[in-house]
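Here the structure is laid out as structure tokens; the discussion comes afterwards.
Just so you know, all these numbers are worked out from the coordinates, no wet-lab data involved. These figures come from a predicted structure and were not determined experimentally. Neighbour counts are summed over all protein chains in view; Cβ atoms, including those assigned to glycine, are modelled from backbone coordinates with ideal geometry.
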Amino acid sequence: MKMHRFLFVAAFAAAMAAGLLFGNFGSAKASGDLAFEHQEWTFNGIFGRFDRAALRRGHQVYQEVCSSCHGLSLVAYRNLMDIDFSEEEAKEIAAENEVEDGPNNEGEMFTRPAKLSDRFVAPFPNEQAARYSNNGAYPPDLSLMVKARKGGADYLYGVLTGYEDEAPEGVEMMDGMYFNHSFPGHQIAMPQPIYEDSVEYEDGTPATVAQMSKDVTTFLAWTAEPELEERKSLGIKVLIFVLLLTALLYAVKRRIWSKLH
Amino acid sequence: MLSPEKGIGKWIEDRLPVFSIARHSLIDYPTPRNLNYWWNFGSLAGITLVIMIVTGIVLAMQYTPHVDMAFNSVERIMRDVNYGWLLRYLHMNGGTMFFIVVYIHIFRGLYYGSYKAPREILWWLGIVILLLMMATAFMGYVLPWGQMSFWGTTVITNMFSAVPLVGEDIVTWLWGGFTVGNATLNRFFSLHYLLPFVIVGVVLMHIWALHTVKSNNPLGIDMKGPQDSIPFHPYYTVKDNFGLGVFFFVYLTIVFFFPNFFGEPDNYIPANPMATPPHIVPEWYFLPFYAILRAVPDKLGGVIAMFASILILFVLPWLDRARVRSARFRPIYKQFFWLFLVDCFVLGWVGANPPEGMFVTIGQVATIYYFAHFLILLPLLGMFEKTRPLPESIAASVTSAAVTSSKG
Ligand code: HEM
């Protein structure tokens, strides 16, 4: 019986190893020439949670800096209430934006202040307008950005903090491009968005580039995986249950089979 | 409890003998007493299929198969549908688990010679299930309509353009247009919904064939009498249930804590026909076949090699002429089995990397080895391998094993 059990474990180990092998080789390849470092994030690990204060500050950075170029089309203002904004605050944030609605009873379209049920209002009406204002480059929607790049939050933080004042010797920069050591190819069309004191934090935290980058990345990790906290806390309970049940089944199995020999 | 001996139970039993069929195939079914844990993977595959169908049907209640809405409808499931994220991650990683389980199930068959007489049709039905699963998973991956969905489909369907004369027409016919578009998405959704039920049908035939010829076992010798077998229930029901617990632990660990581990980040970018991603890779379970496809310098040749790599399994029972089934008694075959397994991993690794530099050579060598295993090594082993003596019977071996402890 020992041998069998060993083989069983080996099967799963092999399957997992296969996954690791394929999964990792893929990512090692894509991030081969990129420079970004691993950061500590409160939302990593099996007990991971989003730091509420960081989310609030991150939201402020998004609003005051990024939202002039990037949309957040999958997030609704009501979702802010999931991360401890009060209903009043969420309504206020929504109402700062105008959305087109209609047609009304006279068949006319009209604009009104955004409501809780609206999604974050995009800065540009369409891709062409966005490109037109950005030198031909398209600032992508940020809702899923953290999930849509190898390296996730670490990569995003890397890009935000990866600007150099000047391109290194011998690097020919294309028109309207900025040197960034974390972006693939090192030439990015987004001008450095965050500088020292770009925002004045409501909670008085010193607004360094690193702090703001970290905060806005945390906020965008939440927009990408708003279910993360629920998922992890439910996951622990479910796994404990499965573990106990499996142990019980193993005991029953031993007992039933012991009659055989 | 209904009983087939009296009342309503008897009334039903006399008209449709469901009770005796269930009893015959789930309770009394005589099973070799020496099955090891590798025999758990068949029932695991069956349960995974049920999980896929249940989660899939519920997902389909919220999913919209339209190029402008598919991506956002999946995100709506993730964000706004109660426990939608759980359903979606169960389905997405259920596909991965399904292939892990089925691949282990197949390699179990290769190791213990389960494809040999009288199990050839059982084996064929298994390969048909594998092919259907591949088609189903391929079409499912298109549904979220991300960058990999779109470009993966484009690359793979384009393979058919290699067919002489009518290639381009076939591709247009598959797409339902001149590019991968809304018609493609719609038909793939339709077929993705249909094929799992076809799989259920083939699985039932697979089990029918199994119950006709009975299970193989680690010794690869036939059951010779009641002393060699035990009833399926309670012995294997409880063992399968324990295996199921372990399976769920692994599966749910992935679902709750690493849900995107097997996925590609690019698939969280909405499909964009104007922007080709730097590397287009299929899902991990296709990587070995993808490597074979690319190993052949000629497009048509690659397609043929790729299909042949699976279809060759159909003739395996006749390529391997050895009378002894189990690798336990085939010292040389056993070594080549492991080499073949390693070869498949190498192919998977090559498939995950761009076809450049050393990967080209490694891929070609591994592809040649893959076919050589079936076409050269197995026939030769059948002729020249000196096998070890087989035990008298399962029962005899089990009692002696209790003393010497069992060997792999
Ligand atoms: C053999 C069983 C099945 C396999 C192997 C399978 C596989 C897959 C895969 C790999 C995906 C893509 C997951 C992703 O990346 O998001 C998918 C998506 C999907 N499948 Fe299935 N599936 C199966 C059965 C079903 C059934 C029976 C239905 C019922 C209609 C279904 C409905 C869906 C839907 C609606 C999606 C899109 C939502 C999503 O992407 O999460 N599937 N499937």
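Put +1 on the Cβ of every Lys and Arg and -1 on every Asp and Glu Cβ in chain A; which of A:Gln39, A:His186, A:Pro139 then has its Cα farthest towards the positive end of the dipole?
The residue sitting most towards the positive pole is A:Gln39.
Non-local amide H neighbours of A:Glu164 (under 5 Å, H modeled in plane, Pro and chain starts lacking H): which ones?
Counting only residues 5 or more places away or on other chains, the set is A:Phe179, A:His181.
Along the charge dipole of chain B, pointing to its positive end and built from +1/-1 on Cβ of Lys, Arg, Asp and Glu, which listed residue (B:Pro259, B:Phe248, B:Val54) has its Cα farthest out?
Of the candidates, B:Phe248 comes out farthest on the positive side.
Using the Cα atoms of region B:283-395 to build a convex hull, what is its mean projected area in square nanometres?
Values: hull surface 33.5 nm².
In nm², the orientation-averaged hull projection of region B:283-395 is 8.4.
Can you sort B:Ser25, B:Ser20, B:Ser229 so the residue with the fewest Cβ neighbours within 10 Å comes first?
On the way: B:Ser25 14, B:Ser20 11, B:Ser229 21.
With the fewest neighbours first, B:Ser25, B:Ser20, B:Ser229 line up as B:Ser20, B:Ser25, B:Ser229.
Return the long-range amide H neighbours of B:Gly146 (sequence gap of 5 or more, or a different chain), with a cut-off of under 5 Å between placed amide H atoms.
Those lying under 5 Å, H to H, from B:Gly146 are B:Ala271.
Quick one: Karplus J couplings for region B:198-206, per residue in order, coefficients 6.51, -1.76, 1.60, θ = phi - 60°, nearest Hz, x for Gly and Pro?
Rounded to whole hertz, the list is 5, 4, 4, x, 5, 4, 4, 5, 4.
Just the number, please: Stokes-Einstein D of region A:164-261 in µm²/s, Kirkwood Rh from C-alpha pairs, 37 °C, 0.692 mPa s. It would help to have the intermediate numbers written out before the result.
Values: Rh = 19.1 Å.
Diffusion coefficient, whole number: 172 µm²/s.
Using the Kirkwood formula on the Cα atoms of chain B, what hydrodynamic radius do you get, in angstrom to one decimal?
Details: mean 1/r = 0.0425 Å⁻¹.
Hydrodynamic radius (Kirkwood, Cα only) of chain B equals 23.5 Å.
So, with +1 on the Cβ of K and R and -1 on the Cβ of D and E, and no other charges, what is the size of the charge dipole of region B:283-395 about its Cα centre, to the nearest 20 debye?
Dipole about the Cα centre, nearest 20: 480 debye.
With n ≥ 4 as the cut-off for DSSP H runs, can you work out [θ] at 222 nm for chain B, using -39500 (n - 2.57) per run divided by the number of residues, rounded to the nearest 500? Walk me through the intermediate numbers first.
Working: 16 runs with 260 residues, N = 408.
Taking each H run of at least 4 residues, the total per residue is -21000 deg cm²/dmol.
For a test of the definition: using alpha carbon positions, the gyration tensor, and the 1.5 limit on a/c, classify region B:99-202 as rounded, prolate or oblate. Walk me through the numbers before you get to the answer.
Details: a/c = 2.45, a/b = 1.94, b/c = 1.26.
Prolate, because a/c is 1.5 or more and a/b exceeds b/c.
Looking only at other chains, what is the average number of their beta-carbon atoms within 10 angstrom of each beta-carbon in B:270-282? Could you put the intermediate results ahead of the total?
On the way: counts 4, 0, 0, 0, 0, 1, 0, 1, 3, 3, 0, 4, 0.
Taking the mean over all residues of the peptide, I get 1.
How crowded by other chains is B:239-251, given as the mean number of beta carbons from other chains within 10 Å of each beta carbon?
Working: counts 6, 2, 7, 10, 5, 4, 10, 9, 3, 7, 7, 4, 1.
For this peptide, the per-residue mean of nearby foreign Cβ atoms is 6.
Please work out the Cα center distance from region A:63-85 to region A:118-171, rounded to the nearest Å.
Using only Cα atoms, the two centres lie 16 Å from each other.
Whole Å is fine, so just give me how far the alpha carbon centre of region B:220-242 lies from that of region B:102-144.
23 Å
Semi-axes of the equivalent ellipsoid of chain A: what are they in whole Å, largest first, if each equals the square root of 5 times a C-alpha gyration tensor eigenvalue?
Values: eigenvalues 374, 155, 65 Å².
Semi-axes, largest first: 43, 28, 18 Å.
Over 27 Å between Cα atoms, which of A:Lys253/B:Lys334; B:Lys224/B:Lys386; A:Lys259/B:Lys224; B:Lys299/B:Lys334; A:Lys115/A:Lys214; A:Lys150/A:Lys232 qualify? Let's see the in-between values first.
Working: A:Lys253/B:Lys334 30 Å; B:Lys224/B:Lys386 25 Å; A:Lys259/B:Lys224 22 Å; B:Lys299/B:Lys334 35 Å; A:Lys115/A:Lys214 29 Å; A:Lys150/A:Lys232 21 Å.
Table pairs above 27 Å Cα-Cα are A:Lys253/B:Lys334; B:Lys299/B:Lys334; A:Lys115/A:Lys214.
Using DSSP to call loops (not H, G, I, E or B), can you name the GluC sites (Glu not before Pro) in region A:114-170 whose Cβ has at most 10 other Cβ atoms within 10 angstrom?
Details: sites: A:Glu127, A:Glu164, A:Glu166, A:Glu169; in loops: A:Glu164, A:Glu166, A:Glu169.
Those that pass, being in a loop and sparsely packed, are A:Glu166, A:Glu169.
Considering the options B:Phe345, B:Gly357, B:Phe329, tell which one lies farthest towards the positive end of the dipole of region B:283-395, charges being +1 on Lys and Arg and -1 on Asp and Glu at the Cβ, about the Cα centre.
Working it through, the farthest residue towards the positive pole turns out to be B:Phe329.
Hey, got the average number of other protein chain Cβ atoms within 10 angstrom for residues in A:235-243? Spell out each step's value before the answer.
On the way: counts 7, 2, 1, 7, 6, 0, 2, 10, 4.
Going residue by residue through A:235-243 and averaging, the value is 4.
In angstroms, what radius of gyration and Dmax does region B:210-252 have, counting Cα atoms only?
Gyration radius and largest Cα-Cα distance of region B:210-252: 13.5, 41 Å.
Can you tell me the orientation of helix B:147-158 relative to chain B, as the angle in degrees between its alpha-carbon axis and the longest Cα principal axis, to the nearest 10?
80 degrees
What ratio of Cα Rg to 2.2 N^0.38 Å holds for the protein assembly as shown? Working shown, then result.
Details: Rg = 28.8 Å, N = 669, 2.2 N^0.38 = 26.1 Å.
So the Cα radius of gyration is 1.11 times the expected 2.2 N^0.38 Å.
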